[in-house]
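This report concerns only the one structure given below.
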Amino acid sequence: MITLSQLTEFLGWASIINIAYILLATIVIAFMKGTISSIHSRIFRVEGKKLDAMYFSFLSNYKIATLVFIVVPYISLKMMGQ
């Protein structure tokens, strides 16, 4: 059985990993947009304009999911003193 302190530690590391991934994905999309867009447009047969919206949607949905399911529970457990 997992204890609250183990869950808090798990959520803390999961928060760090997911936030790092969001930052990495944002940096890659921002600075390597031409290369990434050409690869994705060839693989998925999607236009460049649609890819911009898809990248934004991906980053925003991932950020919301990370905040709701990982960061907020971690902060709540830390506030409880676990």
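The values are calculated or read from the model by the stated rules, or taken from the named source; none is laboratory data. Worth saying up front: this structure is predicted, and the values here are computed from it rather than measured. Here the Cβ is made from the backbone with ideal geometry for all residues, glycine too, and neighbour counts use every protein chain on show.
Which residue, of Val46, Val71, is under 30 Å from Leu4 (Cβ atoms) and surrounded by 13 or more Cβ atoms within 10 Å (Cβ to Cβ)?
Values: Val46 fails: under 30 Å from Leu4 (Cβ atoms).
Going through Val46, Val71 in turn, just one is under 30 Å from Leu4 (Cβ atoms) and surrounded by 13 or more Cβ atoms within 10 Å (Cβ to Cβ): Val71.
Per-residue answers, yes or no, for (1) aliphatic (A, V, I, L, M); (2) modelled with pLDDT of 95 or more:
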site	(1), (2)
Met1	yes, no
Phe10	no, yes
Trp13	no, yes
Asn18	no, yes
Arg45	no, no
Lys49	no, no
Phe58	no, yes
Lys63	no, yes
Val68	yes, yes
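Within region 1-21, the set of residues being surrounded by 14 or more Cβ atoms within 10 Å (Cβ to Cβ) and within 22 Å of Asn61 (Cβ to Cβ) comprises Leu11, Ala14, Ser15, Asn18, Ile19.
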